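The values are calculated or read from the model by the stated rules, or taken from the named source; none is laboratory data. These numbers come from a predicted model, not from an experiment. Backbone-built Cβ (ideal geometry, glycine too); neighbour counts: all protein chains shown.
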Amino acid sequence: MHLFVVGPPGIGKSTVAPLLAGMLGASVVETDRAIARRARKSNKDLIEQDGMEAFRDVESRVIASLQAVTCQHDDVTCRTSNLDKHKPERIWG
């Protein structure tokens, strides 16, 4: 199962994801942190130095490798292929 917690900053993704993961016996991956680790630089530096397209490329590789509950900014849906990789259920509130 892949559950993506998506929304704007400050909405509570980082609070809700661990609760859901605990209930489902899953782990949580903060995609922004995973992107920075993979790029070996902050997301701000990645965007400023390499551009938004490079950021999206790294983001896509991170998402493709996930098998966990994830917290991510709402822009991840800019590339529908990111969600298509895991075919998540979409639940809109």
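Observations
- Scanning region 43-83 for residues being loosely packed, with under 14 Cβ neighbours inside 10 Å, part of a helix (DSSP H, G or I), small (Gly, Ala, Ser) and at pLDDT 55 or above gives a total of 2.
- Restricted to region 7-24, and to residues there that are modelled with pLDDT of 85 or more and among the small types (Gly, Ala, Ser), the residue that is surrounded by the fewest Cβ atoms within 10 Å (Cβ to Cβ) is Gly10.
- Check on Ser27, surrounded by 12 or more Cβ atoms within 10 Å (Cβ to Cβ), within 14 Å of the chain's Cα centre (by Cα) and more than 15 Å from Ser60 (Cα to Cα): yes
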